[in-house]
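Please read the structure below before turning to the comments.
Since every read-out is calculated from the coordinates, none of them should be taken as a lab result. Computed from a predicted structure; not experimentally measured. Note that each Cβ is placed from the backbone with ideal geometry, even for glycine, and that neighbours are counted across all protein chains shown.
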Amino acid sequence: MDKLKVVELFAGVGGFRIGLEKTKHFKVIWSNQWEPGKSKQHASDVYVNRFGNDNHSNEDIESVKTKDIPNHDVLVGGFPCQDYSVASLLKNSKGLLGKKGVLWWSIYRILDEKKKKPSFLILENVDRLLGSPVNQKGRDFAMMLSSLNNLGYAVEWRVINAGDYGMPQRRRRVFILGYYKNSKLYKEMKTTDISSWIHKAGVFAKQFKVEQPNSLFLPDDFELDSNLKNVSDKFNLDNTNKKFKNAGIMIDGKVTTTQTTPVFSGKKITLRDVLEETKVDEEFYINKKDLKRWKDEKGAKSKTRTKDGFTYEWKEGAISFPDDLDKPSRTIITSEGGKSPARIKHVVETKFGKRRLTPIELERLNMFPDNHTLLEGVSDNIRAFLMGNALVIGIVTKIGNELNKRTK
């Protein structure tokens, strides 16, 4: 059987490509990576270094004409999530109205203008997307679902924490699968019991098992308006509840969503498993004189703050110092690199002393090949940044394997 042809948008350093091509059933035929406002395009440079320059675009996707993108079976992308990130302050979380969030409409535009639409979509984002923006919870995701419904797609989504399924990092992201109306999976979803699809029969359910619902299983159901302006203006205006839970489906404009609990009994990869065994470069070790600053950064904090005449107590809990080696790592983020003490950076205890994580170890936490981001002109700090923006490849491979089974 021929390999499914893939277009990779917002490609970063190629996580989707590695994850899908590892299954031997997918082939990326065109890719795009562009970092707005950056004179150096490090992610694209790494991508080209690893996969070559053929059919790779390093230009703003908003300026790429749809006719220049080849027809394909699968469209994938971790579309920009900066406006939804948990690293952003809530007041700055603008969702689709944010500078980079509007790039969702580039995906919409490509799907809308393609006469031969891709049969499958695999999209990824931070799980805050399901509740964005803060003053109209879920509107942004509702806009996406409604627009995909208008284009002829059924959708299932699941918030997946890679660490819950044996992978080396506790990285929680929402994965979104779309099935075009002429596909076998669309027809399967339409004729399968909804609860069964979410918990047993769907693509996610087969690869990422969850607890089965009991007699008290009560999913939330609601219809989406097909008018995007109405969705934008009116969705969840009372803002009392988060409409979208961590799993669900949408077909013919009807949404069914519920909270699921992961089930996993296989081997678990831990932070210890990814550490380099030999002594690493001296720059990664923490100087004894800096230990107190590191401990202070990691410790619990409580401060009294005043805003708009209102005084409140601000608190945050302690973070393990050093990190627990016998669990999957905490989520790695873009500011992981650099020597300066910081609360969120990982510190590990080794027989050679306490140290930060190396670029190779950060790559392993996302299940990339060692030194995938090694390239002249790309510093260790930038390599850490690139991994903070990447996804856990193992999740993509499992999705790819299941899609392949279900499309034969």
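The calculated FRET efficiency for the pair Ser63 and Lys38, based on their C-beta separation and a Förster distance of 22 Å, comes to about 0.90.
GNM remark for the chain: springs join alpha carbons under 10 Å apart, and the peak mean-square fluctuation among Gly353, Gly317, Gly152 falls on Gly317. Once both labels are positioned 7 Å from their Cα atoms along Cα-to-Cβ, the gap between Ser335 and Trp105 label points is 3.1 nm.
Residue separation of Thr192 and Glu211 scaled by 0.36 nm, minus their Cα-Cα distance, works out to 5.0 nm of gained length. Remark: spin-label model distance Lys351-Lys289 equals 3.0 nm, labels positioned 7 Å along the Cα→Cβ axis. Legend: distances between Cα atoms for Lys327/Lys398; Lys27/Lys67; Lys22/Lys181; Lys267/Lys289; pairs beyond 29 Å are Lys267/Lys289. Multiplying the residue separation of Asp281 and Ser302 by 0.36 nm and removing their Cα-Cα distance gives an extension gain of 4.0 nm. Electrostatic tally near Lys40: other residues with Cβ closer than 14 Å to its Cβ, Lys and Arg +1, Asp and Glu -1, net -1.
In the chain, the longest principal axis of the Cα atoms and the axis of helix 42-51 are about 70 degrees apart.
Between Val159, Val28, Val280, the GNM of the chain built on Cα springs shorter than 10 angstrom shows Val280 fluctuating the most. For the options Ala390, Ala318, Ala342, a Gaussian network treatment of the chain with springs between C-alpha atoms closer than 10 Å singles out Ala318 as fluctuating the most.
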